Amino acid sequence: MANLTVPVIAIVIGEGSSGGALAIGVGNSVIMLENAIYSILSPEGYASIVWKDGSKVKEAAAEMKLTAKDLYDLHVIDKIIKENNKIFENLRNEIILRTQETKDKTGEEIRNERYEKFRQMGEYKEIGREN
């Protein structure tokens, strides 16, 4: 999907996880419903790996930052859609808006913007070697 020259709009409506989470992440726009979750690993799997205790699901979920609000604050997703009686109208409007934003761009520009957006995700700290 990273090489597509058309806009990719990903919408997480329930649980975006595992290998699908990576595919969702390369969208030009990533939108989540407010009660959806999005992560490469389940909280149960995380707890089993980190603490060797699959029962620590709540602690794992908190550390993983997999809620729409967490991911919006981390700039992983672009928009949170409220789950109310206008949910379909709000999703429709958001899709139209995101599509209109790319209507005058070339395929190469769309692909490059998606690539740059993906490359900007996350933070890291480079640790130098001591001489």
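The values are calculated or read from the model by the stated rules, or taken from the named source; none is laboratory data. Note that the structure is predicted; figures quoted are calculated from it, not measured. Quick reminder, even Gly has a Cβ in these numbers, built from the backbone with ideal geometry, and neighbours come from all protein chains shown.
List of remarks:
- When residues in region 26-61 are screened for being small (Gly, Ala, Ser) and surrounded by 21 or more Cβ atoms within 10 Å (Cβ to Cβ), 6 of them pass.
- Tally, over region 23-61, of residues that are part of a loop (DSSP other than H, G, I, E, B) and either among the hydrophobic types (A, V, I, L, M, F, W, C) or over 30 Å from residue 5 (Cα atoms) (or both): 12
- The set of residues in region 62-78 that are outside any helix (DSSP H, G or I), without any contact (Cβ under 8 Å) to a residue 60 or more places away in the chain and crowded, with 17+ Cβ neighbours inside 10 Å comprises 66, 67, 76, 78.
- Check on residue 34, modelled with pLDDT of 90 or more and of a type in the set (Asp, Glu): yes
- Residue within region 13-22 that is closer than 26 Å to residue 87 by Cβ, among the aliphatic types (A, V, I, L, M) and touching a residue at least 24 places away in the same chain (Cβ under 8 Å) present: no
- Among residues of region 71-86 being aliphatic (A, V, I, L, M) and modelled with pLDDT of 95 or more, the one that is farthest from residue 119 (Cα to Cα) is 81.
- Criterion: over 18 Å from the mean Cα position of the chain (by Cα) and in contact (Cβ under 8 Å) with a residue 60 or more places away in the chain - qualifying residue of 107, 54: 107
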